[in-house]
Amino acid sequence: MSIVGNIVRDVVSTLFPSCCIICGRHVAPSVYNICPYCRYEAPLTNFWKQSDNPVKSRFDGIVPIVKGSSFLFFNHQSPWQRSIHSFKYGGKWLYAYNLGLWYGAELKASGLYDDIDVIVPVPLHPFKILNRGYNQSTYLAEGIAKQLGKPIDNRSVRRLRNNPAQARKKSHDRWLNTEHLFGVRHPERLKSKHILIVDDVLTTGATISSCIAAIQESVPDCRISIATLAVSRSILLIR
């Protein structure tokens, strides 16, 4: 780096000290802006290392998928939940990208996702994007895509209606709320591809199942895998 570059870096680090995106402590530049302590304490599932795991099995008999994994357990009232809520509702889009980088690096290291052709983030409705400013799943997907070296397609699949938020709905109502929720407008782009669908939190599987069903109806020769940043422990008990 040039002398000028070093000066700029030092000024920026002084004015905007690096903070861990999980605990908020001021830390020296660290991997994915997550301090060593938080990385050590992360509630990792390790599901991405296993072809057969509880997330993959959750979709048996619902929609066919090739592989499925989640990176973290979604522990309520934890710093990790707060970080996810920060990028989902609080405008901290860079948190999603950094966590996607970490997740993508682990997916790459596992070797199980090497045959992915394209990454599709679960789309938001345009009205919700206008309100929120971005789709958090797109930033997660961009971090994962950078590590896997795969392209992103965020135009072929769209959300057809601005359905009410899922967070406070009961399980049965979540499935009704997501029926016929997605459509595919460029099926030729996904033809014969192995698609990795990316979303933030897997709670019941209703939203991502609806997305998968729409793609498979329009592109019957595709293969689909899923990767979510977090998973609710409760979903793993429902069979």
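Annotations
- A crude spin-label estimate for the pair SER192 and ASP117, with each label 7 Å from Cα along the Cβ direction, gives 0.7 nm.
- Segments 228-234, 200-206 sorted - mean Cβ within 10 Å per residue, highest first: 200-206, 228-234
- Relative contact order, percent, region 6-163 [alpha-carbon distance under 8 Å, six or more residues apart]: 19
- If R0 is 30 Å, the Cβ-Cβ spacing of ASP60 and SER30 corresponds to a FRET efficiency of close to 0.20.
- All other residues whose Cβ lies under 15 angstrom from that of ALA105 are scored, Lys and Arg at +1 and Asp and Glu at -1, for a net of +2.
- Cβ-defined net charge surrounding PRO79, 11 Å radius [Lys, Arg +1; Asp, Glu -1]: +1
- Residues whose placed amide H lies under 5 Å from that of VAL118, excluding near-sequence neighbours: HIS194, LEU196
Throughout, read-outs are computed from the coordinates displayed, never taken from laboratory work. Only a predicted model underlies this, so the values are computations on that prediction, with no experimental measurement involved. We place every Cβ from the backbone using ideal geometry, glycine too, and count neighbours over all the protein chains shown.
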